[in-house]
Amino acid sequence: MTDRLYYNHPDLREFDARVLGVSERGDRVAVTLDRTAFYPTSGGQPFDTGTLGPFRVVDVVDDNGGAIEHFVVSDTGQTGVRPVSDTSLTPGQTVRGVIDWERRFDHMQQHTGQHVLSAAFDKRFGVRTLSFHLGAAFSTIDLAREMTPGEIATAEETANRIVWEDRPVTIRYATAEEAAALPLLRAGAGPREHKEKKPREGTLRLIDVEGFDLSACGGTHVARTGAIGIIAVGSWERFKGGQRIEFLSGGRALARFRSQRDSIGGAVRLLSVQPEELPASIERLQAEVKEQKRSLVALHGELAKYRAHELAASAELLDGGRRVVLRSIDADANGLKSLAMAIVENPGHIVVLTSATKPTLVVVARSADVDISASQILASLIAAFGGRGGGKAPLAQGGGVEMEAEEILVAARADIWRRAQQ
């Protein structure tokens, strides 16, 4: 069994321990110690990292049998299957462990912040926290019911008053019988309902935020609420009939503020408005862009009609009075389609338009009174030159044709003339 130093000394950064075992776990090497300050993933809190002798600790796992396994890699960062002897760690050896304190302290801020924020929701509104997750960028709590923005703001203010009062955060232990008589709030699980839940057995580790929260928890926490710095709610969303709250504490809140400050500052400079005017300015710009798009579509339609008239006037005449337009146009797929459709509004026309750049786009269209199928013409072009596409008898379009537009149009002309003779 591993003596868990972090239980009573969460501020411990370095320690010495005796190696109990070294073994392979798949493609990794696991080291067990007689005692450790490394926190294993548990209760919504991620594991600690750091060094163990000359090796980097990249994962810490509680095997649920009383031992904690430290997964290590060489200081060069190499991974993969390594013979046990290559670790140079042997049972009985004394090794020094060093915690990545920046990561540990961040986790302490977030986890203690969760206790305070969850207690604020419970005390102000009687709303339980059902679960907690400490992520790499932000943390979340899942509440039993959906809260209003005003209620969230009230809980946030309450939590921060506790932070700024710099209350002590102490570690206590109690038997199951003693805990049953306490106003216990389980971290990550809401108020303890003694009549509905099976009582815990053995000794419980309790985290006591003086006069505000008492929770059973095995995680690491700061010694005073002032070390949390600040608790900021970032966003919220409906989740499984309740609500998921994203929050940031301490250094993470500062980093988010800096990011948003820089983003807002850049937007303010570009739009020449005050920060509080940004939403209205963005809404106005979006409305202007929509109007400009509508105007642009209308103008493209008018332009297509003029160009269609010009192209129709230069069409080649087929037997039976049908007219063929074969052109390469500097336009995208929508432009080619609009132009082709404008031409075939006139009776007796069949149109093949290609883009001026490769890979070549192809649009084939016909007037309603023409019996040659646009999709069949496109199919023959794709069979000859590659690409993909499809459509129906009146209109077909394709792309990805790796052939010069001139050769495509020559082949299209020959196919149309052949079909016209049938």
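A few remarks follow.
- When restricted to residues that are out of contact with any helix residue (DSSP H, G or I) (no Cβ under 6 Å at 6 or more places or on another chain) and surrounded by 14 or more Cβ atoms within 10 Å (Cβ to Cβ), the range 316-326 contains 2.
- So residue 311, is it closer than 23 Å to residue 422 by Cβ and touching a helix residue (DSSP H, G or I) at 6+ places or on another chain (Cβ under 7 Å): no
- Any hit, the range 96-119, residues being farther than 30 Å from residue 3 by Cα and surrounded by fewer than 19 Cβ atoms within 10 Å (Cβ to Cβ): no
- Inter-residue pairs, beta-carbon under 7 Å, first more than 15 Å from residue 420 (Cα to Cα) and in the range 355-373, second of a type in the set (S, T, N, Q), 6+ apart: 356/328; 360/354; 361/354; 361/355; 362/354; 362/397; 363/397
- The residue pairs whose first member lies in the range 388-417 and is under 26 Å from residue 369 (Cβ atoms), whose second member is of a type in the set (Phe, Trp, Tyr) and modelled with pLDDT under 95, and whose beta carbons are closer than 7 Å, counting only pairs six or more residues apart or on different chains, are 408/385.
- Whether a residue is farther than 25 Å from residue 6 by Cα and assigned to a loop (DSSP other than H, G, I, E, B) was assessed, and residue 161 does not pass this test.
- Some residue of the range 242-252 being at positive phi and at pLDDT 95 or above: yes
- Set 237, 210, 246: member being under 30 Å from residue 101 (Cβ atoms), acidic (Asp, Glu), in the same structural domain as residue 111 (by TED's automatic domain parsing) and without any contact (Cβ under 8 Å) to a residue 60 or more places away in the chain: 210
- Looking at the range 339-422, the strands (runs of 3 or more DSSP E) lying wholly inside it that each contain 3 or more residues that are buried (at least 16 other Cβ atoms within 10 Å of the Cβ) sit at 349-355, 360-366, 395-401.
The values are calculated or read from the model by the stated rules, or taken from the named source; none is laboratory data. All values reported here derive from a predicted model rather than from experimental measurement. Positions of Cβ are generated from backbone atoms using ideal geometry, with glycine treated the same way; all protein chains shown enter the neighbour counts.
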